[in-house]
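Input: a single structure, listed below in structure tokens.
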Amino acid sequence: MNTHLPTCVFGAWTVTALRNSVLDELKKDSESDVFRMFFYAITGRGYTEIRKAVSNWRHSSQHRSVIAYVGTDHAITEPAALELMLSDDVEVRMMTTYSGVYHPKVLWLSGKKNNIVWVGSNNLTKDGLLNNIEFAVVVKAKNTPVELKKWVNAVESGSTMITPELLKSYHTERQNHEGKRVKANATPFTWSRKKEPQGKKKPAVSAGSLIIEIMPKETGLDGTQIQLPIKAAEEFFDLARVGTSKSILLSPEGRKESRKLTMTVFANNTVRLSISDLEYGDRPCLVVFKKRKLNRFSYEIVPQNIFPTQYKDLLSRCTEQTREGSRRWTII
């Protein structure tokens, strides 16, 4: 193997460049025919970061294929992410026969005359590609090393092509596991001495912003669904009476894409909202909502385990509370 290229950007050490490297290589590649992904954990938000590039590469030639060898240890991999891959004609293979924990983070773009292999610490998750301190290298070679072939064959022999029955089994058992974790009020451990690096960009909080605490005990598998206090929904989203509904456009702060959602006040005086890139591992966290134009809103997620100082500072401003022990919130 030759040409060892680090993909860690030292000027912004909290953000890995693995994502950018993969996107760049897929975009310009014209010779490879198979793209393989080996990941301990895959989430919908993580796959979405490379989804367009993978799909464009896959469908640019009928002779190309994408294969994902997916782990299920510790229930981090999301069933919805696997369904998304299947919809993009990705061949998904779930690990079923192996010892220990299936823990690789490897991508391999291969053709007759070229090989590009990425090896790193990144999972195919939002944090693995955008937030964590990670390190990855990309290695290029004309010939495929024999040991790499042996490793891939060993992994494939321990995997099973995904089927509706296999996916349903994993989904059901994972859902039961998540339910127990929610009841236990389990949260990621964050050391009290942890701080963000100097100069880390702070959330865009301004007059009129809604800040709401998102607790571990929330509704919705994978943590994407949140529940708003009725008073917060009334004052910020203009939803007041039971049965009232409202369509909004919701977009992540700093990004152009938006989703059309319908918010409804249910009979038990709750208002629920689904945020697609909010993962269960983010909790506890805060979500900062901002009004844009008519019925258009943006949001920013501030997880405690990634931004402990900012989380603490913003939470101290949340003085509204329906009752003792319930989520806190405020409108600036």
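Every number here is computed from the coordinates shown, using simple stated rules; none is lab data. Not measured: the values here are computed from a predicted model. Glycine gets a Cβ as well: all are built from the backbone with ideal geometry, and neighbour counts include every protein chain shown.
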Counting only helical runs of four or more DSSP H residues, what would the 222 nm mean residue ellipticity of the chain come to if each run contributes -39,500 (n - 2.57) and the total is spread over all its residues? -8000 deg cm²/dmol
In whole Hz, the Karplus estimates of ³J(HN,Hα) for segment 73-88 (6.51, -1.76, 1.60; θ = phi - 60°; x where Gly or Pro) are 4, 6, 6, 7, 4, 8, x, 5, 5, 5, 5, 5, 4, 4, 5, 9
Qualifying chymotrypsin sites (Phe, Trp or Tyr not before Pro) in segment 243-332, DSSP loop, other Cβ atoms within 10 Å at most 13: F266
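With a cut-off of 8 Å between alpha carbons and a minimum separation of six or more residues, what is the relative contact order of segment 210-331 in percent?
Numbers: 236 pairs, mean separation 38.4, N = 122.
Reported relative contact order: 31 percent.
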Low-density loop positions, chymotrypsin sites (Phe, Trp or Tyr not before Pro), segment 135-238 - DSSP coil, at most 12 other Cβ in 10 Å: F189, W191
Whole-number percent relative contact order across segment 146-264, with pairs defined as alpha carbons under 8 Å at least 6 apart: 14
Taking the beta-carbon count within 10 Å as an exposure proxy, list S274, S159 from fewest neighbours to most. S274, S159
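What range in the chain is the longest one free of GluC sites (Glu not before Pro) that are in a loop by DSSP and have at most 16 other Cβ atoms within 10 angstrom? Don't skip to the answer; put the middle values down first.
Numbers: sites that count: E31, E253, E257, E324.
Result for the longest clean stretch: 32-252.
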Spelling out what I want: for every residue of segment 262-279, take phi, set θ = phi - 60°, compute 6.51 cos²θ - 1.76 cosθ + 1.60 (Karplus), and round to whole Hz; glycine and proline get x. 10, 9, 9, 8, 7, 4, 8, 6, 10, 10, 10, 9, 9, 10, 4, 9, 8, 9
What percent of all Cα-Cα pairs in segment 115-162 falls in each 10 Å bin, counting up from 0? 21, 35, 38, 6
Ignoring solvent entirely, what values of log10 I(q)/I(0) come out of the Debye formula for the chain at 0.10 Å⁻¹ when each Cα is a single scatterer? -0.66
Which of C318, C285 has the fewest Cβ neighbours within 10 Å, and the rest in rising order: C318, C285
Report, ordered by chain and residue number, the aspartates and glutamates lying within cross-link reach of K246, taken as a straight Cα distance under 17 Å and ignoring same-chain residues fewer than 8 apart. E234, E235, D238
For segment 223-332, what is the percent of antiparallel DSSP beta bridges, rounded to the nearest 5? 85
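Set the bar at 30 Å for Cα to Cα. Now go through K195/K290; K28/K126; K52/K149; K105/K260 and name every pair that lies beyond it. Let's see the in-between values first.
Numbers: K195/K290 26 Å; K28/K126 24 Å; K52/K149 28 Å; K105/K260 34 Å.
The pairs that break the limit, which is 30 Å between Cα atoms, are K105/K260.
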Between H63 and D238, how many nm apart are label points set 7 Å from Cα along the C-beta direction? 5.8
The chain, relative contact order [Cα under 8 Å, separation at least 6], %: 16
Sort R292, R93 so the one with the fewest other Cβ atoms within 10 Å of its own Cβ comes first. R292, R93
In whole Hz, with x marking every Gly and Pro, tabulate ³J(HN,Hα) for segment 22-33 from phi via Karplus 6.51 cos²θ - 1.76 cosθ + 1.60, θ = phi - 60°. 5, 4, 5, 5, 5, 5, 9, 6, 10, 10, 6, 10
If I model a spin label as a point 7 Å beyond the Cα along the Cα-Cβ vector, how far apart are those points for V146 and T190 in nm? 5.1
